[in-house]
């Protein structure tokens, strides 16, 4: 299993680093892509060195990946204007690959036009900006191959859910135990 994670300026650090860490512990390869730069600073002034650069849709060959991860944060307000990213999201969905969006990032799914008739969750302050799909007030929502989560506080639970979906329930349970997560 191999997934791409998008890091845009002002991303929410916990929502990006938590799935990177948890998925790698589960032997899932995570390749990070910085939007416009490989050195990306999050919303709390933590700078991360991305593995690769994302400037145009073709920078990520969807044939090389099983999924796309989209952390939230205030930077999503800029990313919704990034047509290359929106097209990438459309391509992942059309190819029936996994797409994970947390916090404000489901807004990217909305702008890409892939939430129609889908159940989703998001940061409570983002709900009113999403007009398609069916909002569920739950920590993590899975609808087909689209997985959404509410925010920082649900990042570990959501990351373990991805392990459950992509590896096994048993691996997710053991991993939750190893990181002393009480909610699994």
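Condition first: over 22 Å from residue 175 (Cβ atoms) and surrounded by fewer than 21 Cβ atoms within 10 Å (Cβ to Cβ). Now tell me which residues in region 16-49 satisfy that.
Of region 16-49, the ones over 22 Å from residue 175 (Cβ atoms) are 33-49.
Result: 36, 37, 38, 39, 41, 43, 44, 45, 46, 47, 48, 49.
Looking at (1) in contact with a helix residue (DSSP H, G or I) (Cβ under 7 Å, 6 or more places away or on another chain); (2) surrounded by 16 or more Cβ atoms within 10 Å (Cβ to Cβ), which is the only condition residue 87 fails?
(2)
Quick one: would you say residue 96 is within 20 Å of residue 13 (Cα to Cα), surrounded by fewer than 24 Cβ atoms within 10 Å (Cβ to Cβ) and out of contact with any helix residue (DSSP H, G or I) (no Cβ under 9 Å at 6 or more places or on another chain)? Walk me through it before giving the result.
Numbers: within 20 Å of residue 13 (Cα to Cα): no; surrounded by fewer than 24 Cβ atoms within 10 Å (Cβ to Cβ): yes; out of contact with any helix residue (DSSP H, G or I) (no Cβ under 9 Å at 6 or more places or on another chain): yes.
No, not satisfied.
Would you check which residues across region 2-15 are surrounded by 21 or more Cβ atoms within 10 Å (Cβ to Cβ) and part of a strand (DSSP E or B) and list them?
Once the filter is applied, which keeps residues that are surrounded by 21 or more Cβ atoms within 10 Å (Cβ to Cβ) and part of a strand (DSSP E or B), region 2-15 yields 3, 4, 5, 6, 7.
Every residue in region 163-179 that is without any contact (Cβ under 8 Å) to a residue 24 or more places away in the chain, out of contact with any helix residue (DSSP H, G or I) (no Cβ under 6 Å at 6 or more places or on another chain) and part of a helix (DSSP H, G or I), please.
169, 170, 173, 174, 177
I need the full set of residues from region 21-36 which are at negative phi and either out of contact with any strand residue (DSSP E or B) (no Cβ under 7 Å at 6 or more places or on another chain) or assigned to a strand (DSSP E or B) (or both), in order please.
First, the residues of region 21-36 that are at negative phi: 21-26, 28-35.
Matches in region 21-36: 21, 22, 25, 26, 29, 30, 31, 32, 33, 34, 35.
Does residue 65 count as surrounded by fewer than 23 Cβ atoms within 10 Å (Cβ to Cβ), in contact (Cβ under 8 Å) with a residue 40 or more places away in the chain, closer than 23 Å to residue 110 by Cα and touching a helix residue (DSSP H, G or I) at 6+ places or on another chain (Cβ under 9 Å)?
Working: surrounded by fewer than 23 Cβ atoms within 10 Å (Cβ to Cβ): yes; in contact (Cβ under 8 Å) with a residue 40 or more places away in the chain: yes; closer than 23 Å to residue 110 by Cα: yes; touching a helix residue (DSSP H, G or I) at 6+ places or on another chain (Cβ under 9 Å): yes.
For residue 65, the condition - surrounded by fewer than 23 Cβ atoms within 10 Å (Cβ to Cβ), in contact (Cβ under 8 Å) with a residue 40 or more places away in the chain, closer than 23 Å to residue 110 by Cα and touching a helix residue (DSSP H, G or I) at 6+ places or on another chain (Cβ under 9 Å) - is met.
Looking at residue 104, is it surrounded by 22 or more Cβ atoms within 10 Å (Cβ to Cβ) and within 17 Å of the chain's Cα centre (by Cα)?
Working: surrounded by 22 or more Cβ atoms within 10 Å (Cβ to Cβ): yes; within 17 Å of the chain's Cα centre (by Cα): yes.
Taking the combined requirement at face value, the residue satisfies it.
Test of understanding: among 115, 160, 156, 109, which residue is surrounded by 16 or more Cβ atoms within 10 Å (Cβ to Cβ), touching a helix residue (DSSP H, G or I) at 6+ places or on another chain (Cβ under 8 Å) and under 19 Å from residue 10 (Cβ atoms)?
On the way: 115 fails: under 19 Å from residue 10 (Cβ atoms); 160 fails: under 19 Å from residue 10 (Cβ atoms); 156 fails: under 19 Å from residue 10 (Cβ atoms).
Of the residues listed, the single one that is surrounded by 16 or more Cβ atoms within 10 Å (Cβ to Cβ), touching a helix residue (DSSP H, G or I) at 6+ places or on another chain (Cβ under 8 Å) and under 19 Å from residue 10 (Cβ atoms) is 109.
Under 25 Å from residue 140 (Cβ atoms), modelled with pLDDT of 95 or more and assigned to a helix (DSSP H, G or I), is that true of residue 18?
Values: under 25 Å from residue 140 (Cβ atoms): yes; modelled with pLDDT of 95 or more: yes; assigned to a helix (DSSP H, G or I): yes.
Yes, satisfied.
The values are calculated or read from the model by the stated rules, or taken from the named source; none is laboratory data. Note that this is a predicted model, so its numbers are computed, not measured. FYI the Cβ positions are ideal-geometry reconstructions off the backbone, even for glycines, and counts take in every protein chain you see.
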